[in-house]
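One structure is given below, encoded as structure tokens.
The values are calculated or read from the model by the stated rules, or taken from the named source; none is laboratory data. Everything quoted here is computed from the prediction, not taken from an experiment. Positions of Cβ are generated from backbone atoms using ideal geometry, with glycine treated the same way; all protein chains shown enter the neighbour counts.
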Amino acid sequence: MNKLPSALKLGIRRGGLEVRQFARQRESVVFTLLFPVILLAIFGSVFKDTIAPGVTFSQYFVAGMIASGLVNTGFQALAITIPMERDVGGLKRLRGTPMPASSYFIGKAILIAVSMIIQIALLFGFGLLFFGVEMPTELSKWLTFTWLVLLGSTCSTALGIAFSIVPKSGRGASAVVSPIVIILQFFSGVFFVFTQLPTWMQQLAAIFPLKWLTQGMRSVFLPDSFATQEVAKSWETGRTFQILVLWLVIGIFFSVRKFKWDRD
Amino acid sequence: MNVIEVKGLKKSYGQVHAVRGVDLSIPAGEIFALLGPNGAGKTTTVEILEGFRGRDAGEISILGFDPKTQGYAARQWRDRIGIVLQSAADAGDLTVIETVKHFSGYYSKPRNIDEVMSAVGLEDKSGALIRNLSGGQRRRLDVALGIIGSPELLFLDEPTTGFDPEARRAFWALIEQLRGTGTTILLTTHYLDEAEALADRVAVINDGLIIEVSTPAGLGGRATSQAIVSWRDGSQIKTEATDNPTAVVARLSSHFGGEIPELAVIRPSLEDIYLKMIGGRDE
């Protein structure tokens, strides 16, 4: 038996390669990383009022932007770019090497985590400097924030890889994936205050992870007094964790079982 | 033990019987060409051997493994084979050397990177982004990635499609070098001159069946078929079909007292034989 490098080691190397490739696509780097900042600028300038005592819309929106950034950067980006890689034969070539599928998935997870970290740093920077966004001061909130970003990013990666089997071609992928994400953002309370949405929208959104990510981020960026204004009158942190883990398991299951390396 | 051993391979897509019972035995170190028109079952056969497709029936052993193998055993198997696919246009934002180096990390005993770069003639392009390479350079990178793991068996699928004549010659020289290292090569091509230049043996596949396996020179009884001797006699071109062209030439030579006007001895080309075998059905 030949001694092969471990799947984790190759996954980390693939992560490095993915990040390098991403960094060289200048247009998409700027667009992907700055898009949430641009949205914050637009919404922060339009809605100047407070939505609760001491809670500005910008503050509410930062929570939503980080949550939906996780979905855009992971799920949406992967569900569009993986079919493209498949179209040009890149995945089939990888399939023909001793690299295991898990290394490819780990590489993608690293890429998404790295771009999320940069995106959040930019959002914090601009939010602090120009939109009066306040950072949490308690350690427990930062802990929640950390696991939310890590779990959310991994979950979003797994679901993006799983969903990449749906678009038939790279060219059509964006048309399939983008509307889903945009609708989910509206339903999940990214752009509007969640409790002001119609009940059926709230209930539909509660099936998907974005609503829970957004709510979790609100628990980090809004004062605890705001929790009483949530649907369940609390942040439901435990529930959020459970639902994200459930979606992560679903994503991994379909990624492992159904991933398509070739067009046909 | 043969590197490739296939018995009774069958594969259908709905009502279409793409492969209808293929047998193949390829010993170590051989360069074996699979010839056939599009839709003959060539690609399906090779993709089953490469582990990219399933099969309906038949037994396959590639380096002692079934291509259906999954998990760690599949990694062990892939560690020993190299695959150069028809087209891959990925990773345009990486440089040549980055890509080759990265792929070398997948294998247990990769070849020396500089050696591979110079074998495929890309040493001057090592810092170039892949998207800036010409078609021929890209193809050579494909080969570099196929051989970086020092494979015992290399699959080459239509390797020189779209090459200019000079690039093809250079590519053939590269394959000759690989022959020298003892690598077994399964080549699919629809260029007959390529099969003739490179292959130890060729198989012609048509309608999902192998219709003949032979050396390129012996295909379709080519080596033993009658030669045509033609020459000018006065204002006429005369021809004679013969099993003994040398005797005919000697006879003519004494008849003309030396030089025979417009002498030609013609044997059917590989192309003539091939087209006859597949019933004039090509591309």
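Structural remarks
- Pairs, first within 11 Å of another protein chain (Cβ to nearest Cβ) and farther than 21 Å from residue B:80 by Cβ in the range A:1-13, second assigned to a helix (DSSP H, G or I) and among the β-branched types (Val, Ile, Thr), C-beta under 8 Å, six or more apart: A:12/A:106; A:12/A:110
- From the list B:139, B:131, the lone residue that is within 13 Å of chain A (Cβ to nearest Cβ), touching a Gly at 6+ places or on another chain (Cβ under 7 Å), part of a helix (DSSP H, G or I) and modelled with pLDDT under 90 is B:131.
- The residues of the range B:117-165 that are hydroxyl-bearing (Ser, Thr, Tyr) and more than 22 Å from the chain's Cα centre (by Cα), listed by number, are B:118, B:126, B:134.
- For the range B:69-113, the tally of residues that are more than 7 Å from every other protein chain (Cβ to nearest Cβ), more than 16 Å from residue A:2 (Cβ to Cβ) and either part of a helix (DSSP H, G or I) or under 24 Å from the mean Cα position of the chain (by Cα) (or both) stands at 9.
- The condition of being in contact with a His (Cβ under 8 Å, 6 or more places away or on another chain) and either within 24 Å of residue B:2 (Cβ to Cβ) or acidic (Asp, Glu) (or both) holds for residue B:208.
- Residues of the range B:243-279 satisfying the condition of being surrounded by 15 or more Cβ atoms within 10 Å (Cβ to Cβ) and either part of a strand (DSSP E or B) or β-branched (Val, Ile, Thr) (or both): B:248, B:249, B:260, B:273, B:278
- Within the range B:179-192, residues that are of a type in the set (Lys, Arg) sit with their Cβ atoms under 8 Å from residues that are surrounded by 18 or more Cβ atoms within 10 Å (Cβ to Cβ) and in a strand (DSSP E or B), at 6+ positions apart or across chains, in these pairs: B:179/B:31; B:179/B:185.
- So residue A:157, is it within 16 Å of the chain's Cα centre (by Cα) and of a type outside the set (A, V, I, L, M, F, W, C): yes
- Residue within the range B:226-235 that is in the same structural domain as residue B:272 (by TED's automatic domain parsing), of a type in the set (Phe, Trp, Tyr) and surrounded by 17 or more Cβ atoms within 10 Å (Cβ to Cβ) present: yes
- Test: residue A:94 is part of a helix (DSSP H, G or I) and either more than 10 Å from chain B (Cβ to nearest Cβ) or under 22 Å from residue A:179 (Cβ atoms) (or both): no
- Selection from the range A:247-264 of residues that are within 23 Å of the chain's Cα centre (by Cα), of a type outside the set (Phe, Trp, Tyr) and surrounded by 13 or more Cβ atoms within 10 Å (Cβ to Cβ): A:248, A:250, A:251, A:252, A:255, A:256, A:260
- Each residue in the range B:9-59 was checked for being closer than 16 Å to residue A:264 by Cβ and within 14 Å of chain A (Cβ to nearest Cβ), and 15 of them qualify.
- Yes/no for residue B:80 being assigned by TED's automatic domain parsing to the domain that holds residue B:193, surrounded by 19 or more Cβ atoms within 10 Å (Cβ to Cβ) and either of a type in the set (Val, Ile, Thr) or more than 21 Å from residue B:159 (Cα to Cα) (or both): no
- Counted residues, the range B:16-68 - those being among the β-branched types (Val, Ile, Thr) and over 21 Å from the mean Cα position of the chain (by Cα): 1
- Criterion: more than 17 Å from the chain's Cα centre (by Cα) and more than 14 Å from every other protein chain (Cβ to nearest Cβ) - qualifying residue of A:73, A:50: A:50
- Which listed residue is in contact with a Leu (Cβ under 7 Å, 6 or more places away or on another chain) and β-branched (Val, Ile, Thr), from A:51, A:66: A:66
- Total residues in the range A:229-264 satisfying the condition of being out of contact with any strand residue (DSSP E or B) (no Cβ under 7 Å at 6 or more places or on another chain) and in a helix (DSSP H, G or I): the figure is 22.
- Counting only helices (runs of 4 or more DSSP H) that sit wholly inside the range A:1-79, those with at least 3 residues that are of a type in the set (S, T, N, Q) are A:26-46, A:57-70.
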